[in-house]
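To start, the structure under review is shown below, and the notes come after it.
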Amino acid sequence: MSHITHPDVERYLYELVLPRDPLLARLEQEAQERDIPIVGPLAGRFLYLLVRLSRAKRILEIGTAIGYSTIWLARACAPVGGRVVTMELNPQIAQEAQRNIAEAGLKRRVKVLVGDGMDLLPRLRGKFDFLFLDAEKHQYKTLLNLALPKLKRGALIVTDNVLWSGRVAQPNPDETTRAIQEFNEYLRTHPALETVIVPLRDGLALSRTR
Ligand SMILES: C[S@@+](CC[C@H](N)C(=O)[O-])C[C@H]1O[C@@H](n2cnc3c(N)ncnc32)[C@H](O)[C@@H]1O
């Protein structure tokens, strides 16, 4: 629960989400037990539908963690033969992601790059039509700027946690909250982007490259 929407409404929304398969259900349980911040089923379903609707074939994710969102993205692009490249800084958690992705039967559809997106992005080949940004919040602006030249015209960008449990709207923001506020302003005024913030879960910014 991220406390952006009224708790009763949030509970209701979660009750409406369809049951997940045993693998996603296990990852949700593990994430909760080990305090790993994954997108969860509401935002997972949202990402899935965005990929399905846009028919994105080349998907880039920054911030894999245990591969939960990666599995939603990879399943969504499977019908059009799409592929996901995902980046994870922490080698141990990247290994876990690789195991989970293999268990999902998606090994050939997903490439996990281990390292810092700041170093990996400039070396990426080809152009992508979908970006999911879910990494270190202070790095969002730099990571986005490194990713933009790798995106096709009309690409979709989804950025997670842009409402930061509602703290972006509170007085006396801390350093991380200020970084997110600045990032949101950057998205809003960026001449190459059209953006809307969807207050689902912890807030998702949905942008399209012009
Ligand atoms: C919020 S978690 C990702 C959750 C995942 N997207 C999901 O919903 O299942 C953020 C992850 O990004 C990784 N990370 C943070 N900064 C990064 C960077 N600059 N490059 C690559 N990975 C990064 C962290 O190690 C962490 O595992």
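The numbers here are math on the coordinates, done by the rules we state, and not lab data. Worth saying up front: this structure is predicted, and the values here are computed from it rather than measured. Glycine gets a Cβ as well: all are built from the backbone with ideal geometry, and neighbour counts include every protein chain shown.
Listed values, structure above:
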| read-out | value |
| --- | --- |
| Selection count where residues are more than 14 Å from the ligand (Cβ to nearest atom) and either in contact with a Ser or Thr (Cβ under 9 Å, 6 or more places away or on another chain) or under 21 Å from residue 46 (Cβ atoms) (or both), scope the stretch 98-109 | 1 |
| Lone qualifier among 4, 36 - being without any contact (Cβ under 8 Å) to a residue 60 or more places away in the chain, surrounded by 14 or more Cβ atoms within 10 Å (Cβ to Cβ) and β-branched (Val, Ile, Thr) | 36 |
| Residue 70 vs. criteria assigned to a strand (DSSP E or B) and either of a type in the set (Ser, Thr, Tyr) or free of Cβ contacts under 8 Å to residues at least 12 places away in the same chain (or both) | no |
| Matching residues in the stretch 22-61 - criterion: being at positive phi and away from the ligand (no atom under 12 Å from the Cβ) | 55 |
| Any hit, the stretch 78-97, residues being away from the ligand (no atom under 11 Å from the Cβ), in a strand (DSSP E or B), crowded, with 18+ Cβ neighbours inside 10 Å and not basic (Lys, Arg) | yes |
| The one condition in (1) away from the ligand (no atom under 13 Å from the Cβ); (2) out of contact with any helix residue (DSSP H, G or I) (no Cβ under 6 Å at 6 or more places or on another chain) that residue 119 fails to fulfil | (1) |
| Residue check, residue 64 in contact with a Lys or Arg (Cβ under 8 Å, 6 or more places away or on another chain), of a type in the set (S, T, N, Q) and within 14 Å of the ligand (Cβ to nearest atom) | no |
| Residue selected from the stretch 157-210 under the condition outside any helix (DSSP H, G or I) and small (Gly, Ala, Ser), by the criterion nearest to residue 43 (Cα to Cα) | 203 |
| Residue that is surrounded by the fewest Cβ atoms within 10 Å (Cβ to Cβ) [pool: residues in the stretch 182-205 that are among the charged types (D, E, K, R) and more than 18 Å from residue 132 (Cβ to Cβ)] | 185 |
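To keep it simple, each residue is scored yes or no on (1) touching a residue at least 40 places away in the same chain (Cβ under 8 Å); (2) over 14 Å from the mean Cα position of the chain (by Cα).
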site: 92; (1), (2): no, yes
site: 99; (1), (2): no, yes
site: 102; (1), (2): no, yes
site: 117; (1), (2): yes, no
site: 120; (1), (2): no, yes
site: 135; (1), (2): yes, no
site: 140; (1), (2): yes, no
site: 154; (1), (2): yes, yes
site: 168; (1), (2): no, yes
